[in-house]
Amino acid sequence: MTDKKCAEEHRLQQDARRLENWKRWGPYLSERQWGTVREDYSENGDSWSYFPHDHARSRAYRWGEDGLLGWTDRQCRLCFSPALWNGQDAILKERLFGLAGPEGNHGEDVKECYYYLDSSPTHSYARALYKYPQREFPYSRLLQENRERNRLQPEFELPETGIFDENRYFDIQVEYAKNTPDDILIRINIANRAEEAAPIWLVPLLWYRNVWSWGSRHESATVRPSAHWQPDGQVPAGVTFLSHQTLGDFLFASDPGNAGFQRWMFTENETNGQIHPGLNPRGKYFKDAFHQYLVHGREDSLNPQREGTRCSPLHHTRIDAGSNIVMQVRLCPHQQRPKDLFGPSFDEIFTRRIGEYREHFHRSVPGGMTDEENNIDRQSYASLLWTKQFYHYGVEDWQQGDPGGPDVPARRIEVRNQDWKHGYFRDVLSMPDKWEYPWFAAWDLAFHMIPFAKIDPDFARQQLVLFLREWYMHPNGQLPAYEWGLGDVNPPVHAWACWRVHEMTRDSATADPSFLARTFQKLLMNFTWWVNRKDVRGNHVFSGGFLGLDNIGIFDRSKPLPTGGHMEQADGTAWMAFYCSSMLSMAMELAPNRPEYGDMASRFFEHYVSIAEAMNTVDGRGLWDEEDGFYYDYLYNQGKVIPMKIRSLVGLLPLITVQVLHDQRIEKLPGFHKRMRWYLDRNRDISRRMSYLEQETDQTSGKRLLAVPSVSRLRRILARMLDENEFLSPFGIRSLSKIHQEEPFLFDVDGKQYRVAYVPGDSDSPMFGGNSNWRGPIWFPMNYLIIESLHRYHDFFGDRFRIECPTGSGNLMNLAEVAREIQNRLLAIFLCDGKGRPCHQYDDRYHRDPHWKDLLLFHEYFHGDSGAGLGASHQTGWTALVSTLLEMKYDST
């Protein structure tokens, strides 16, 4: 790689130094604002019912906006997205449709086909695709079929309705290119894939987020924005002039060469009072005006004065079979209007930005990848970047209600988040999925930052710092989990993410020396919260509750146990040991230049040992089961101690806590070295149960191993993990041992039987809404942590430690080779194997159809036996770790 910066790297540097605001605009528009906690002002907290999909076209939102493959500024003041109509649908297609949580047999679920194809880190170029049916969209059938299916049946998906048969659909490709940070060029390519001509109406929507109806104290603009049409000599149809107090003055124009231009349409981004009379409607022009005009022919819905806060040019054309048309629009600053809005320079800018994007991508990834692997890598990063979203939620305002908003029931404040009044979130955040999870999840975001560190390290650091700021972190030190329950307990992975992002970037030109110290100080508060709140008996064994692994256990661990008593969790305790090892790494990195961090290193070293010792010895046997050779949760109730013998990720998590300490680094910290030697001499018997600063046989190697299990216990755990009849799937490590398919775990409480069985696909449990499943499928984040830990073990053992992989095969591997074996199995989910890609369950469209076969979806989790994608179809955040694994494959060769 040359040292000379490419154009995109230069833009990233300009943005990081705040010389140019290249990230001011991007794909930050949510794909679902309806049905969210933020828009819920009900008494009972039923967000789905209070603001359903059917209201979205006619009710103004309070806290954000949504659209189809849309675009907005970082404060979501001005928004763009294409709307479509095929002449058959009962509604204008302005947003993605999906099932609310109670409607789906496996929880909420988007029912559309769309794909993120490209994006540069500054979004100077971005491209996405939506497949729009030409026949009437099957809204009712999707609802009915999924309602009738039970949890043992798969979800009923859009292609199963036959809506794409005979290729009766349009491919809608939306591209964005930035000429300057504020000059946005938009190109919409509409291709008719059918064998006969078909009509389409295109409505390129531009609108202001409604902040004027709510009397908000926190929006910086005090003057209502406006959009009005004006004649223009260069553009025969005229342009729309836009004015906003803080965003500035812009022009919105439609290319005179666009096919089928009919008129400009204007209305207001206001709730339709005729449909929702109790929601403080204003004026006589409403949010659903374009729907009313196109679908119902209501001319009076449009403002004849051609002004408002919501506008669009209207295009209606008929596209021949197998043909396509290209529509072009432009949003640019009024004072910096180019001489030629739509001439040859328009396409030249796109060509230049596409070339720069490709150059940056190829400079960012290792060489040697196949074309197929490059396609996976590119779409994974594109999806990660497209899933950034403007997120706004002021908890106190939301609890009390807005002066101009709907009345708030008195007991509503008790529904959720009553202890988080300090919380004020108003940022562009990395989301898990902008439709199914259009709200942040703290532990998801930590995993997102690993691939982000490769393509935009400044953004990765900013996101991690942000969640430690005082308006996010609770005064008691807890990190917010997600909007449905800010006080829920996510796994403590933030310290690991901070450490890994630092490790990945410390030797690069984008390094930030202050990042590690800045985050370490705040993480101390969070660590203390964990120790004070989640160590029930004060014995270094933790009961974290939910901890992210939704329904992996026998009970809902977020609620009081039906048995009474409490659970001491192998995963909760392992997560805390992992937290200690991450903080130890950070402290040892900081200590050479700041001696006070040597004391902190001693603290986290000793705390790690205490947790590991407790996990192995508490009450005489710890959380280890000698008979099974595995770690389990233990139930404590009325003097009884009962092991919950479920072989799951819970018992594998102790592996991820491993740490290798180097004598060369220890010797540079004399205080830490002295304290460590004293502690080592005082507690030598611990080494019978854990890997306690063991050294390699070759004393000159200067490495010491710190790990929860002893070496003999490590072998027993790995033998189970690498058994294809238990955890090792053809596609990675399962979340639950397959042995529970024939031998489910059963537990009786007062005549009621609780059961955990291996379920390789979607959940059969109603816990957490039934839309998540840790009872068998493969999850990228946990596999990734296991792979990292195996590489750390190999760093210590080298080739001295070998184990059968798979178990019983006679094939001996060192632990780096085991890591690569798991890595290759995960990659196989996305790679064609002759029948297609397992992630698409061999759907023939994705294998043979030229308009489908290169498209990828990055699901939330994957079937434990077939590798099929399951759960949220666009939860690219943590599944984008596939990019990191791909690059590890080539970095290691």
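A few comments on the model shown:
- Every pair of residues 6+ apart whose Cβ atoms lie under 7 Å, when the first sits in segment 384-409 and is within 11 Å of TYR28 (Cβ to Cβ) while the second is surrounded by fewer than 23 Cβ atoms within 10 Å (Cβ to Cβ) and acidic (Asp, Glu): TYR391/ASP427
- Residue check for TRP499: farther than 30 Å from PRO52 by Cβ, touching a residue at least 40 places away in the same chain (Cβ under 8 Å) and under 24 Å from the mean Cα position of the chain (by Cα): yes
- Checked against the criterion of being more than 22 Å from ALA16 (Cβ to Cβ), out of contact with any Cys (no Cβ under 6 Å at 6 or more places or on another chain) and at pLDDT below 95, the candidates SER514, SER543, SER508 yield just one match: SER543.
- Condition check for CYS805: touching a residue at least 12 places away in the same chain (Cβ under 8 Å) and buried (at least 18 other Cβ atoms within 10 Å of the Cβ): yes
- Remark: pairs (first residue in segment 84-109, under 18 Å from GLY260 (Cβ atoms); second residue of a type in the set (S, T, N, Q) and crowded, with 18+ Cβ neighbours inside 10 Å; Cβ separation under 6 Å; 6+ apart in sequence or on different chains) = ASN86/GLN134.
- Hits in segment 804-818 (condition: part of a helix (DSSP H, G or I) and in contact with a strand residue (DSSP E or B) (Cβ under 9 Å, 6 or more places away or on another chain)): LEU815, GLU817, VAL818
- Across segment 633-656, the number of residues qualifying as among the charged types (D, E, K, R), open to solvent by 30 Å² or more (accessible area, probe 1.4 Å) and touching a strand residue (DSSP E or B) at 6+ places or on another chain (Cβ under 8 Å) comes to 1.
- Single residue of ALA497, ALA481 found to be of a type in the set (Gly, Ala, Ser) and surrounded by 23 or more Cβ atoms within 10 Å (Cβ to Cβ): ALA497
- One residue alone among GLU112, GLU43 is open to solvent by 10 Å² or more (accessible area, probe 1.4 Å), touching a helix residue (DSSP H, G or I) at 6+ places or on another chain (Cβ under 6 Å) and not hydroxyl-bearing (Ser, Thr, Tyr), and that residue is GLU43.
- In segment 828-870, the qualifying residues are those that are outside any loop (DSSP other than H, G, I, E, B) and touching a helix residue (DSSP H, G or I) at 6+ places or on another chain (Cβ under 6 Å), and the one that is surrounded by the fewest Cβ atoms within 10 Å (Cβ to Cβ) is TYR846.
- With respect to being among the small types (Gly, Ala, Ser), crowded, with 20+ Cβ neighbours inside 10 Å and modelled with pLDDT of 95 or more, ALA321 falls outside the description.
- Lone unmet requirement of (1) more than 17 Å from LEU655 (Cβ to Cβ); (2) open to solvent by less than 10 Å² (accessible area, probe 1.4 Å) for VAL618: (2)
- Across segment 808-820, the number of residues qualifying as closer than 18 Å to ASP891 by Cα and open to solvent by less than 50 Å² (accessible area, probe 1.4 Å) comes to 4.
- Counting only helices (runs of 4 or more DSSP H) that fall entirely inside segment 340-447 and contain at least 2 residues that are at pLDDT 95 or above and of a type outside the set (Gly, Ala, Ser), the qualifying elements are 344-364, 371-386.
- Scanning segment 197-246 for residues that are of a type in the set (A, V, I, L, M, F, W, C), part of a loop (DSSP other than H, G, I, E, B) and either open to solvent by less than 10 Å² (accessible area, probe 1.4 Å) or modelled with pLDDT of 95 or more (or both) yields ALA197, VAL235.
- Taken over segment 247-259, the criterion of being of a type outside the set (A, V, I, L, M) and either open to solvent by 20 Å² or more (accessible area, probe 1.4 Å) or in a loop (DSSP other than H, G, I, E, B) (or both) is satisfied by GLY248, ASP249, ASP255, PRO256, GLY257, ASN258.
- Condition met for GLN335 (farther than 28 Å from LEU129 by Cα, assigned to a helix (DSSP H, G or I) and touching a residue at least 12 places away in the same chain (Cβ under 8 Å)): yes
- Here THR519 meets the list (1) modelled with pLDDT under 95; (2) of a type outside the set (A, V, I, L, M, F, W, C); (3) out of contact with any strand residue (DSSP E or B) (no Cβ under 9 Å at 6 or more places or on another chain) almost entirely, failing just condition (1).
The values are calculated or read from the model by the stated rules, or taken from the named source; none is laboratory data. What you see is a predicted model, and the numbers here were worked out from it, not measured in a lab. Neighbour counts are summed over all protein chains in view; Cβ atoms, including those assigned to glycine, are modelled from backbone coordinates with ideal geometry. Accessible surface is based on the protein model in full, side chains and every heavy atom, while ligands, DNA and RNA are left aside. Shrake-Rupley method; radii C 1.70, N 1.55, O 1.52, S 1.80 Å.
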